[in-house]
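The values are calculated or read from the model by the stated rules, or taken from the named source; none is laboratory data. Being a predicted model, the structure only gives us computed values, none of them experimental. Cβ atoms come from the backbone with ideal geometry, glycine included; neighbour counts cover every protein chain shown.
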Amino acid sequence: MSYEEVLDNVAKIVEATGAAILVLGGATMLAIYLRRLLQRTPAAYTELRRNLGRVILLGLEVLIIGDIIRTIAVDPTLENVAVLGAIVVIRILLSFSLEVEIDGAWPWNRWRTDTTGE
């Protein structure tokens with residue numbers, strides 16, 4: 001098995017892991033939400049949104065790792081690197097917007113919110 005084949009398989013495993021995180025995490029959070037809904041927990045919906053956001057962030061980060069491995073290590077053409085750059089930028093913007101949605105502050109401003117008690 002060549003170096004490229006090994007890295008391609010690693011990239012597939014990482015991407016499958018990212019997809020599994022999204023699917024299993026989403027299903028788990030939905031099950032937790034339904035249980036809390038049946039228990040009439042007041043903040044069940046808010047907790048669902050936060051937990052789903054965290055699952056999506058983790059899944060996106062793992063998928064970015066898979067994209068980087070596949071593009072840089074397996075087929076590093078200029079076109080593939082440009083596509084990777086666009087994908088990473090889109091996923092980073094999505095991650096930032098999810099982070100703001102979850103925590104109510106930009107990631108670099110969160111420490112101010114944590115220390116001031118807001």
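Mind listing just one residue for me: the one in segment 69-96 that is modelled with pLDDT under 85 and among the small types (Gly, Ala, Ser) and, of those, surrounded by the most Cβ atoms within 10 Å (Cβ to Cβ)? Checked segment 69-96; the qualifying residue surrounded by the most Cβ atoms within 10 Å (Cβ to Cβ) is Ser95. Pairs are defined by a Cβ separation below 9 Å, a sequence spacing of at least 6 or placement on different chains, a first member in segment 36-60 that is under 18 Å from Val100 (Cβ atoms), and a second member that is basic (Lys, Arg); the pairs so defined are Glu47/Arg36; Leu48/Arg36; Leu60/Arg91.
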